[in-house]
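The values are calculated or read from the model by the stated rules, or taken from the named source; none is laboratory data. All figures in this text were calculated on a predicted structure; none of them were measured in a lab. With ideal geometry, Cβ positions are generated from the backbone for all residues, glycine too; neighbour counts draw on all protein chains shown. We work out accessible area using only protein heavy atoms, side chains counted, and drop any ligands, DNA or RNA first. Shrake-Rupley method; radii C 1.70, N 1.55, O 1.52, S 1.80 Å.
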Amino acid sequence: MHPPPEFFSNASKQWSAWILLLAFAVSLLVGSLVRTETGFSARLSHLFLDSYLKYTANGAVAQNSVVVDIDDVSLSAVGQWPWPRYRIASLVQEIAAEKPAAIGLDILFSEPDRTSLKNIRESYKQDFGLDISFVGTPSGLADNDGYLGHVLSTVHHLVGARYFYFDHINKAEISASPEFKFSGKTDLLKLPDAPGILNNTYEISSRLKYSGFLNNQVDGDGMLRRVPLLIRHRGVIYPQLALATYMRSLGVNSAVIEEDGNGPAIRIGNRVIPISEDGYALLHFNGSPSLYPSVSAVDVLNGHFSAAQFKGKTVFIGSSAVALNDLHSTIVDRSFPGLKIMSVIVDDIANDSFVREPVWGHTVLFATCIAMGLLISIIFIYLREPLQLLLATITLIAVLVSISIYLFASFGVFLAPVAPLLVVMFLFVVFIISKFAIEKKQGYAWYKKLANAQQVTMASMAAVAETRDPETGAHIKRTQNYVKSIALRLRDTGHYTDILTKEFIDLLFVSAPLHDIGKVGVPDHILLKPGPLTAAEFEIMKKHPEYGKDIIYSTAEKIEGDNFLVIAGEIAFTHHEKWDGTGYPRGLSGQDIPLAGRIMAVADVYDALISRRCYKPAFTHEDSFRILRDARGKIFDPVVLDAFFSIETQIVEIATHYQDEVEPAVDIHHVVDEKESLVSASAIG
């Protein structure tokens, strides 16, 4: 039986106010932390982002760029790294001859070429004091760095490399007049300002017309998802190598910083590149590295390529060789070559594929946290069933994630639903636990009231019986405690444990007073007769168990759910049955007699024996135990009787505590009951 819904109405307003207040506080707290994604929330955000990126990867082959890879095959065929600079120069010349849109050199030559004849001569002079010379060498090839610098200066749209330091300052110089200029709303940017720079050797850097930086920055989990496209050095903005090379492929040296509704963006002609305030762009991979075309450097040097592979395209020269360690962990490949990251950037620029992380995203997510807190609160206020609560919460989560996926797939906008989801899931758990605890507490209070109502019902019924039955109230108290003590002993010794639950024993205790309620149906001239009953009168008296059953069960029919009067009915109907089948009203025997009736029989007869009646004196405790022992296996269940005997001390304490205060009136029918129950009339006297 469950508490009626109206039982909780008094607490509903308090419950509603409590969950609304808690939801607002949690939503406010989580929402305020949206801007500082770290640790667990950052990992969850990455999980969503990586899933979206994989889901929306188009698997198309990049069409706008190609890489010339000094791969492991090239190193094996031509020689270990570093290659002589003249070989790099030859590689550049072969590519430039095919008229690419631009060439990006993803190699930084920060130290002089030790294979240069000029450097070899200087080393011999310094180490051995020998001034050697080389005969027949063209003057231009004596200095490999100078030669490479010369070749690079002849390629109009070639962009070299540089690297910015953030951990120390050096004295390296950079061109006083930047190769690329960025104008517009530069005040929107909060770019990192690099104090140091690493350039190519002077012989190379002084000949380069354009350069771009190689810096990359992985996320906290070691994954490369974002790349810096702009860095500030000494107050001047510089572009990343891929961005600079793309600009040269368009023949432009300038770009405009503007605001496109999602935040800062770089405009180059009709191309708009979304970036964050610190100049980072979020990459959108087509798929694995194989989707970004490459040509082995050894094939280029040997002429094993077609002009169409380079003509009109942006070409990057670099290395994916494992030993050079320019490999990055990405969502599509754990060893994505840094060289091909350049192609990813160019392809994203050309196809407007960069993922946008809008500056208004934090505000929207904060508002969403508040909204989710309100919605989950409304769900818990108006829905009661656990399944309804679960389904409504799952629906709320599904809608939230679906909106996030839709924004990403349709507009390239990433709003991580992590914070709102944390609000929903945290509040769901807290509300479920709180709801369970509160309802358990309220349910317990209701069941206490129900138990009190049960006791009142039984006490009222027992009071009706007492008005016509001269037994004392102390008799009722004693038999109540006897049956409970016997039941507990049976359970503790491993007997009838499937029946003797706590609930059963509690109901057995409150039901015991109704064992003789059927006597209200016995006529007064028989029930109160001062002398012996005739055989006919005794037959009428023997009907009181059936009267009791009918009275109790007629009341029980009006009660829904688990009926607490069932045990009372069993006691009233069967407490005069005997173990050997000679009892009444049905002549049941053995285990066919309900356990409640068997327990009541022992308690009732023992109390009748030790109680004084006008028709007999009170038997001593010892004599009563002897009489009961003689009836073991005949009148009483041996197991129940043995349990009774084993708690003799407790039985005596109960009998002493609840003694009769006044002398009871004559109870002629009990003379009959006791004589027939115990078989030996002489034992009673």
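Observations
- Paramagnetic reach from residue 652 in region 594-611 [backbone N under 19 Å; point 7 Å along Cα→Cβ]: 603, 606-611
- Residue-averaged [θ]222 nm for the chain, counting only DSSP H segments that reach four residues, each worth -39500 (n - 2.57): -15500 deg cm²/dmol
- Residues within the reach of a label modelled at residue 42 (point 7 angstrom out along Cα to beta-carbon, backbone nitrogen below 18 Å), restricted to region 265-293, are 276-283.
- FRET E, pair residue 388, residue 51, Förster distance 41 Å, beta-carbon r, rounded to 0.05: 0.90
- Span-like helix ranges in the chain, DSSP H, alpha carbon extent 15 angstrom or more, Kyte mean at least -0.5: 9-32, 39-56, 85-96, 144-154, 338-351, 361-382, 386-411, 418-466, 595-610, 668-678
- Share, in percent, of DSSP beta bridges within the chain that are antiparallel, nearest 5: 45
- Share of carbon and sulfur in the accessible heavy-atom surface of the chain [1.4 Å probe, %]: 57
- Projecting the Cα atoms of 424, 281, 652 onto the dipole axis of the chain, where Lys and Arg carry +1 and Asp and Glu carry -1 at the beta carbon, places 281 farthest toward the positive end.
- Rounded Å value of the spacing that divides the Cα centres of region 504-530 and region 16-80: 78
- Legend: calculated FRET efficiency, residue 32 to residue 381, from the Cβ-Cβ distance at R0 = 35 Å, rounded to 0.05, equals 0.90.
- Label zone at residue 270, where the point sits 7 Å out along the Cα-to-Cβ direction: region 345-370 residues whose backbone N lies under 17 Å: 349-353
- Heavy-atom accessible area ranking, 1.4 Å probe, most first, across 322, 418: 322, 418
- Largest-first ordering by accessible area, 1.4 Å probe, given options 584, 547, 382: 382, 547, 584
- Heavy atoms of residue 482: accessible area, 1.4 Å probe, square angstrom to 10: 0
- Charge sum, other residues only, whose C-beta stays under 11 Å from residue 281's C-beta, Lys/Arg counted +1 and Asp/Glu -1: 0
- Dipole of the chain [Lys/Arg +1, Asp/Glu -1 at C-beta], most positive-end residue of 206, 571, 88: 206
- Using a probe of 1.4 Å on the protein chains alone, the accessible area found for residue 218 is around 60 Å².
- Cα centroid separation, region 90-104 to region 300-327 (Å): 10
- Solvent exposure of region 184-340 amounts to 38 Å² per residue of accessible area, where only protein heavy atoms count and the probe is 1.4 Å.
- Heavy-atom accessible surface of residue 489, to the nearest 10 Å², is about 90 Å², with a 1.4 Å probe and all protein chains retained.
- Between residue 132 and residue 209, the C-beta separation translates, for a Förster distance of 30 Å, into a calculated FRET efficiency of about 0.30.
- Remark: spin-label model distance residue 170-residue 16 equals 7.0 nm, labels positioned 7 Å along the Cα→Cβ axis.
- Ranked order, 157, 495, 544 - accessible area, probe 1.4 Å, largest first: 495, 157, 544
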